[in-house]
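Below is one structure; the comments refer to it alone.
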Amino acid sequence: MPRSRDSGAPITSPAAAEVFTMVLTRGPVSRVDVCRLTGLSSAAVTKAARPLIEAGYLRELAPTERTAPGAGRPASPLAIAPEREYFVGIKITGDDLIGVVTDLGSRIVAAKHHAVPGFDVRTDASASPMEPADVVAAIAALVTELLDEHPGFRKRAHRLGVAISGDVDRVTGIVRYSPFLGWRDVPLAVLLDEATGLTTTLENDVKALAVAEQWFGAGVGASSFALVTIGTGIGSAFVVNGGLVSGAFGVSGEIGHVPIGVEGPRCHCGASGCLEALASTQALLTEARRATGVDDLTIDRAVTLARSGDEVLRKVFAAAGRAIGLGLAVVANLLGPESLVVSGEGLDAYDLFEESIREAFSAQAYGSAARCGLVIRPLPFEEWARGAAAVAVQSLVTYSS
Ligand SMILES: [Zn+2]
């Protein structure tokens, strides 16, 4: 069952949700353009906008304010009031918690990292499970610290977004499966509601990044795009026909568990030949140690040696790059997105992958599917937490009758 939500902005109809989303993602925007883009009548837009203006979420700019250079002088365009509400976003990583506070427009206004005792030893899925109560307490402490940064935060923050890798059921707020925490079916959202006093929305971390991209980034207005992240895990999220693909059962976009090799290494998910078992940071390190015979080789050292010309290690990176390129071609061939954004902490060593990624992608992308191109973008860790906060913003707007 969906969890009940507290009342936030006065969004009481689908039209209000549509108008608010339009102004939030495209604003400042004239009423004429809101009508054109939503298909609503002028009267419907006025009716939907009025309570949002009265509650301080939207404001009308003076008619003389310009929306953009060369955009002319629109008549009283609508804009959001970014400081009307603040949102907390937390990303749970394999090592620590990253937290941000953003305003309504998804601008980061505060950020903090916390190491969590026990997280540092969790480098693989075979470690013993983390106690949910310990993780909840650590998140609650980080939320308190963030909200104490500014008096306005505590007064005007009501929602928390949490991004975590794995199988996450956003509707019920349950973590179905988290390999690195060792969790199955943990009702994390309810536990965090109680511990923080905020209304919590959980989302898979890559899907949360895609929400930030779709609402506040390069994906605004795009009818389809795909985001692939490379690093500790390999994940993807898709926007198709303007909507995030959630999957009927909460799982979609698990490109990390698409088989690239018929006879491949065993994956932590139980299957074999998964992209993640071939090209995640851990998989790369395991292969690098095997190929060099150096058991205590670190990933940083492997990168350094490969960059200085170590042929054995260069081949290890190139093989991982080929696997990633094939995975990207799978995405392009199945979805045909307008753009394919590749991001993640694994890109720190992108110079070692790039050639083989592009070669494998070009060789495998079918015909015009390759036209989406690859947009390679670094990903500061705060961006993951910003994605979580964007999910919290989205939960404010989501209208359910
Ligand atoms: Zn797998």
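Computed values, structure above
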quantity	calculated
Net charge over other residues, Cβ less than 13 angstrom from the Cβ of Thr25 (K, R count +1; D, E count -1)	-2
Local electrostatic count at Glu254 - Lys and Arg +1, Asp and Glu -1, tallied over other residues with Cβ under 14 Å	-1
Long-range amide H partners of His158 with built H, under 5 Å	Tyr86
Rh (Kirkwood; distinct C-alpha pairs) - region 262-401, Å	16.8 Å
Computed [θ] at 222 nm, helices only, for the chain once each DSSP H run of length n ≥ 4 contributes -39500 (n - 2.57)	-12500 deg cm²/dmol
Peptides 195-205, 265-275, 240-250 ordered by average Cβ neighbours within 10 Å, highest first	195-205, 265-275, 240-250
From the C-alpha gyration tensor of the chain, square roots of 5λ in Å	38, 26, 18
Under 17 Å from the Cα of Lys207 - lysines, other chains or at least 8 residues apart	Lys91
Average accessible surface area per residue within the chain, 1.4 Å rolling probe, Å²	45 Å²
Degrees, to the nearest 10: 381-397 long Cα axis against longest axis of the chain	40 degrees
For Phe381, net neighbour charge (Lys/Arg +1, Asp/Glu -1) across residues whose Cβ lies under 12 Å away	-4
Length gained when the stretch Val251-Val190 is fully extended (0.36 nm per residue, less Cα-Cα span)	19.9 nm
Full-stretch length increase - Val220, Val312 - with 0.36 nm per residue and alpha-carbon distance subtracted	28.8 nm
Coil-residue GluC sites (Glu not before Pro) of region 226-284, DSSP, other Cβ within 10 Å capped at 10	Glu263
Region 139-191 - percent of accessible surface contributed by carbon and sulfur, probe 1.4 Å	56 percent
Distance-filtered residues of region 74-100 - backbone nitrogen under 15 Å, label point 7 angstrom along Ala141 Cα→Cβ	96-99
Extension gain (nm, one decimal) between Asp295 and Tyr366, 0.36 nm per residue minus Cα-Cα	21.6 nm
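The values are calculated or read from the model by the stated rules, or taken from the named source; none is laboratory data. Everything quoted here is computed from the prediction, not taken from an experiment. In this analysis, Cβ positions are derived from the backbone assuming ideal geometry, glycine residues included, and neighbour counts consider all displayed protein chains. Areas reflect the complete protein model, heavy atoms only, side chains present, ligands, DNA and RNA absent. Shrake-Rupley method; radii C 1.70, N 1.55, O 1.52, S 1.80 Å.
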